[in-house]
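Some notes on the structure that comes next.
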Amino acid sequence: MKVIVNNDEIEIFGGATAKDAIRRFFISKGEKKTNDITIRDQWEHEIDPDAPLREGMSLTFEINKEE
């Protein structure tokens, strides 16, 4: 299925979670994945990393900075 992560379309397996989509995003960019992130859905609601995905869903994430 296809979902959008930070404005990039990502192909992900059925039954994937938000965390899986973020991981795929980092892999596609050749970047190291971080564990300390905040994930939001297309309505700007914070969602759990284990939240299930649906076809066409849109996610954004922010890397939480250490203070």
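The values are calculated or read from the model by the stated rules, or taken from the named source; none is laboratory data. None of these values were measured; they are calculated from a predicted model. FYI the Cβ positions are ideal-geometry reconstructions off the backbone, even for glycines, and counts take in every protein chain you see. Ligands, DNA and RNA are stripped out before the accessible areas are found, and what is left, the full protein with its side chains, is counted by its heavy atoms. Shrake-Rupley method; radii C 1.70, N 1.55, O 1.52, S 1.80 Å.
Observations on the structure shown:
- Some residue of segment 6-22 being of a type in the set (S, T, Y) and at pLDDT below 95: no
- Yes/no for G56 being at positive phi, assigned to a loop (DSSP other than H, G, I, E, B) and either open to solvent by less than 70 Å² (accessible area, probe 1.4 Å) or touching a residue at least 60 places away in the same chain (Cβ under 8 Å) (or both): yes
- If the condition is being at pLDDT 95 or above, acidic (D, E) and open to solvent by less than 100 Å² (accessible area, probe 1.4 Å), then segment 30-47 contributes only D41.
- Hits in segment 31-53 - residues which are within 14 Å of A16 (Cα to Cα), without any contact (Cβ under 8 Å) to a residue 40 or more places away in the chain and part of a loop (DSSP other than H, G, I, E, B): D48, P49, D50, A51
- Checking each residue in segment 12-30 for being assigned to a helix (DSSP H, G or I) and of a type in the set (S, T, N, Q) picks out only S28.
- G15 vs. criteria in contact (Cβ under 8 Å) with a residue 24 or more places away in the chain, over 13 Å from E62 (Cβ atoms) and out of contact with any helix residue (DSSP H, G or I) (no Cβ under 9 Å at 6 or more places or on another chain): yes
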